[in-house]
Amino acid sequence: SLIVLLIKIPELSKTIAKRYYGIQLLIMKWLNQVTNKSNGLVSKNISMETTQTILDKNAACSQSLKQQINLINESQIPTTKEEKPEMIINRKKTLENKNMNVKQAAIIIQSNWRGYSDRMKIKRMNESIGILQRHFREHQLKKLENEQQIQLEKESQIMITKNRHKRYREKLETEIKLWSSLPGCLVENEWNKERELAAISIQRYYRGYYVRKYLKNQQNYLKRDKAARIIQ
């Protein structure tokens, strides 16, 4: 079996231990299985001779497995006795240099990543600030345009009102000059006609107002009368 070969050929055991790192775990698993089998024989209905024979075989197998584990452990111990001190020092320096290089590489990677992350944050912040500034300028420009439009409308309204008042004043001045140039009797006759026309207009408007009010009252009366009849 494999265990017998490993025990008889120690060099093979060292080679397998170096190449296959899981061999020790496998052997320990076998050892546990053998131990469990030996412990389980007590509860079984087997003759004493058979039980003793199985226990002897299991003990021999356990001994072989333990020897193999010891050989593997010895093969994994660094061969400091066979190596020269210079080789050991060089190996330590090489390992230290590798560890140092790994640490330096990690530091460089972290530094570069932090720099890249900070640059991206600053870039995003600048873009956000640019967007806010653009929106603010657009809002201010639109607000200024609205204010200018309102101011122009106010100024144009003021100009229209001034022109209207000016034309009305000029019209009154022209009428006054015209009436001043006419004889007194003619002016009085014209004023009487104007008063009559004004009185007629006032009476017409009043009659219209009175008729509308009367019709509205009649409609309300008819609605109330109809509602009262429905209720009755």
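The values are calculated or read from the model by the stated rules, or taken from the named source; none is laboratory data. These numbers come from a predicted model, not from an experiment. Here Cβ is always computed from backbone atoms with ideal geometry, including for glycine, and neighbour counts include all displayed protein chains.
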Kindly establish whether Ala228 is surrounded by 10 or more Cβ atoms within 10 Å (Cβ to Cβ) and over 60 Å from the mean Cα position of the chain (by Cα). no
Just one listed residue, out of Glu96, Glu170, Glu138, is modelled with pLDDT of 90 or more, over 30 Å from Glu190 (Cα atoms), part of a helix (DSSP H, G or I) and charged (D, E, K, R), and it is Glu138
